[in-house]
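Structure first, commentary second.
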Amino acid sequence: MFVVFELLLAVFMVMVGWGVGDFLIAVLSKRTDPFVLSFWNSLFQFAMAAVVYFWFFFPSVLPARYIPLLVVYSFLAVGAFVAFFKGFSIGKASLISPISSSYGLLAMVLSMFFFGERLSFVQLAGIFVASFGLVLATVDFSGLMGFRLSSGVEGLKYALLAFVFWGVNFTLIAVLVRASDWVTPVFFADLLMLPISFALAAYRVGSFRIEFPGRSSILLLATISFLAQGAFFVYTFAVLRFPNALLAPVSAFYPGLTILLAHVFFRERITAAQYAGIAFIIAGLVLASL
């Protein structure tokens with residue numbers, strides 16, 4: 001029973017960190033270039049990772065044979081963030097967030113295939129029930145025809161790109177964490193992401209002088225990075241205790257929280273389908289944790 005509580009607590013913390021983070025990203029991405037935003041996001045994430053690595057954890061190293069995997073992870077992570085921010089800047093948040101967050105389903109398939117992880121029928125049923133709830137809660141069915149509009153297509157393209165990159169990465173991080181610990185891979189991945197994101201941002205703006213966002217944007221970005229990185233550390237710690245095939249999909253249901261925040265702060269209307277979706281998500285999480 002205590003194990004079930006641990007799983008639910010980890011999922012809740014991840015959902016809060018990424019759910020609130022998505023809500024804030026939807027605001028920030030409208031006024032900042034996605035490549036520049038990716039660089040500053042990488043900088044703040046690395047700062048937080050360094051604090052955890054040096055102050056709260058005994059520094060260790062990753063075995064040399066895993067370095068190529070770490071490099072691949074870092075490039076994919078930067079690509080995922082750029083695509084994610086770009087999608088939010090030109091598309092609808094109600095489409096970008098749920099599509100990109102579905103990476104857990106891809107990670108589940110990859111984990112079952114490469115790691116031989118197996119889930120019970122009840123757990124699989126819970127994942128699919130929660131996935132169905134995710135669709136109900138985050139997709140505006142009345143606007144499905146909007147996929148044919150140019151803006152919708154662009155947003156969808158970048159969301160799918162983030163979905164693929166994160167799906168692969170949440171499989172790779174399980175390998176890296178189990179080869180060392182839950183902090184070291186994150187620290188070195190964030191370190192590698194700095195020059196990658198800087199090079200892309202510099203190429204984008206045509207100068208090595210990267211624009212420094214305004215004070216309000218920096219404060220918002222720092223909050224986003226703190227929430228996102230904190231949630232990610234919770235995830236990597238949980239990977240050591242639970243199957244990645246279970247943890248990856250159930251941790252990807254945070255768009256439900258984004259919907260609630262939009263309803264409260266933006267006065268957006270929540271439909272009956274979205275209420276039903278939230279109920280399915282909760283039911284699915286309970287089943288998946290049994």
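What follows is calculated from the coordinates using simple rules that are stated; it is not laboratory data. Being a predicted model, the structure only gives us computed values, none of them experimental. Neighbour counts run over all protein chains shown; Cβ positions are idealised from the backbone, glycine included.
What Kirkwood hydrodynamic radius do you get for the range 8-71 when you take the inverse of the mean 1/r over all pairs of distinct Cα atoms, in Å?
Values: mean 1/r = 0.0685 Å⁻¹.
Result for the range 8-71, one decimal place: 14.6 Å.
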Go ahead and collect, in residue order, the members of the range 175-215 whose backbone nitrogen is under 18 Å from a label point 7 Å along the Cα-Cβ direction of Ala50.
183-199, 210
Beta carbons within 10 angstrom, averaged per residue: use that to sort the peptides 167-175, 119-127, highest first.
167-175, 119-127
Separation of alpha-carbon centers, the range 172-194 and the range 89-129, rounded to whole Å:
21 Å
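Kindly provide the chymotrypsin sites (Phe, Trp or Tyr not before Pro) of the range 13-65 that DSSP labels as loop, not H, G, I, E or B, and whose Cβ sees at most 12 other Cβ atoms within 10 Å.
Numbers: sites: Trp18, Phe23, Phe35, Phe39, Trp40, Phe44, Phe46, Tyr53, Phe54, Trp55, Phe56, Phe57; in loops: Phe56, Phe57.
Here the sparse-neighbourhood loop sites are Phe56.
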